[in-house]
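Undergrad: Here it is: the structure, laid out below.
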Amino acid sequence: MKTIVAADKNWGIGKDNKLLVSIPADMKFFRQETIGKVVVMGRKTLESFPGGMPLSGRTNIVLTRNMDYRAKGAQIVHSREELLKELERYPSEDIYVIGGDSVYKMMLPLCDTAYVTKIDFAYEADSYFPDLDRMEGWEIAASSEEQTYFDLEYSFVRYERV
């Protein structure tokens, strides 16, 4: 299982249920990585998408405690146990955890790869990804050259569990 995220220099990932910044190359990378795959997310992440609609070309699995929650085109699960049971139906390498912060924290121990778009700027954030640089058991396996989007610097970093 993998996870994919864009995080600022403090590992901030969002504010008010929105991304901190939208970088076209990051969006393209996310699309290329996850197309045809299984994406796992929380309800608020789904609701942050345009029209609150699931991502096309992917199997969308949404975790929510709300037993009445429905989302056309998405599979809804209501507990970690139910989520893990549902994920058994898919090859582990085809599963991507895509947020938000509580889903990342819950599922990270089950992931072996993390694709992080590291943004060299500190935004005001209210949701965060675990700091893989300080977390035991993770190391950088690959990193792109630093890139820029207007005056924003970022790089694509692949972490792997050791």
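The values are calculated or read from the model by the stated rules, or taken from the named source; none is laboratory data. Note that the coordinates shown come from a computational prediction; the quantities given were computed from them, not determined experimentally. Please note: Cβ atoms are built from the backbone with ideal geometry, for glycine as well, and neighbour counts cover all protein chains shown. When the accessible area is computed, the model is the full protein with side chains, heavy atoms only, and any ligands, DNA or RNA have been set aside. Shrake-Rupley method; radii C 1.70, N 1.55, O 1.52, S 1.80 Å.
Undergrad: On a C-alpha basis, how far is the centre of region 7-26 from the centre of region 35-55 in Å? Whole number, if you could?
TA: 16
Undergrad: Just round it to a whole percent: the fraction of Cα-Cα distances in region 1-145 exceeding 27 Å.
TA: Counting pairs separated by more than 27 Å, the tail of P(r) holds 16 percent.
Undergrad: Let's test the formula: R0 of 41 Å, r as the Cβ-Cβ distance of Arg89 and Val21. What FRET efficiency results, to the nearest 0.05?
TA: 0.75
Undergrad: Next question. Please list Arg134, Arg43, Arg58 in order of solvent-accessible area, largest first, computed with a 1.4 Å probe with all protein chains present.
TA: Arg134, Arg43, Arg58
Undergrad: Can you pull the accessible area of Met67 for me, 1.4 Å probe, Å² to the nearest 10?
TA: 120
Undergrad: Something else: Provide the solvent-accessible area of Glu146, counting protein heavy atoms only and rolling a 1.4 Å probe, rounded to the nearest 10 Å².
TA: 120
Undergrad: Using only Cα atoms, figure out Rg for region 80-150 and give it as a multiple of 2.2 N^0.38 Å.
TA: The value comes to 1.30.
Undergrad: Students sometimes get this wrong: rank Asp151, Asp8 by accessible area, probe 1.4 Å, all chains present, largest first.
TA: The most accessible residue leads, giving Asp151, Asp8.
Undergrad: Among Phe30, Phe150, Phe129, which one shows the highest mean-square fluctuation when the chain is modelled as a Gaussian network with alpha-carbon springs under 10 Å?
TA: Residue with maximal mean-square fluctuation among Phe30, Phe150, Phe129: Phe150.
Undergrad: Could I have the simple spin-label model distance between Arg65 and Ala142, label points 7 Å from Cα toward Cβ, reported in nm to one decimal?
TA: Once both label points are built, they end up 3.9 nm from each other.
Undergrad: Figure the gain on full extension for Glu33 and Arg134 (residue separation times 0.36 nm, minus the Cα-Cα span) and round it to one decimal in nm.
TA: So the chain would gain 33.8 nm between Glu33 and Arg134.
Undergrad: Oh, and also: Set the Förster distance to 35 Å, then compute FRET efficiency between Asn10 and Ser79 from the Cβ-Cβ distance, nearest 0.05.
TA: Here the calculated transfer efficiency is 0.70.
Undergrad: Now, a different point. Just how large is the dipole of region 1-108 about the Cα centre, in debye to the nearest 20, putting +1 at every Lys and Arg Cβ and -1 at every Asp and Glu Cβ?
TA: For region 1-108, the charge dipole is close to 180 debye.
Undergrad: If you count the DSSP beta bridges with both ends in region 4-162, what percent of them are antiparallel, to the nearest 5?
TA: In region 4-162, DSSP labels about 55 percent of beta bridges as antiparallel.
Undergrad: Which order do Glu160, Glu139, Glu88 take when ranked by solvent-accessible area (1.4 Å probe, heavy atoms of all protein chains), largest first?
TA: Order by accessible area, largest first: Glu88, Glu139, Glu160.
Undergrad: With respect to the cross-link table entries Lys37/Lys72; Lys44/Lys118; Lys85/Lys118; Lys72/Lys118; Lys18/Lys85, which display a Cα-Cα separation exceeding 27 Å?
TA: Lys85/Lys118; Lys72/Lys118; Lys18/Lys85
Undergrad: In the P(r) worked out for region 8-86, what percent of Cα pairs fall beyond 15 Å?
TA: The calculated P(r) of region 8-86 puts 62 percent of pairs beyond 15 Å.
Undergrad: Would you mind checking the tilt of helix 24-34 against the longest principal axis of the Cα atoms of the chain, expressed as 0 to 90 degrees and rounded to 10?
TA: 40
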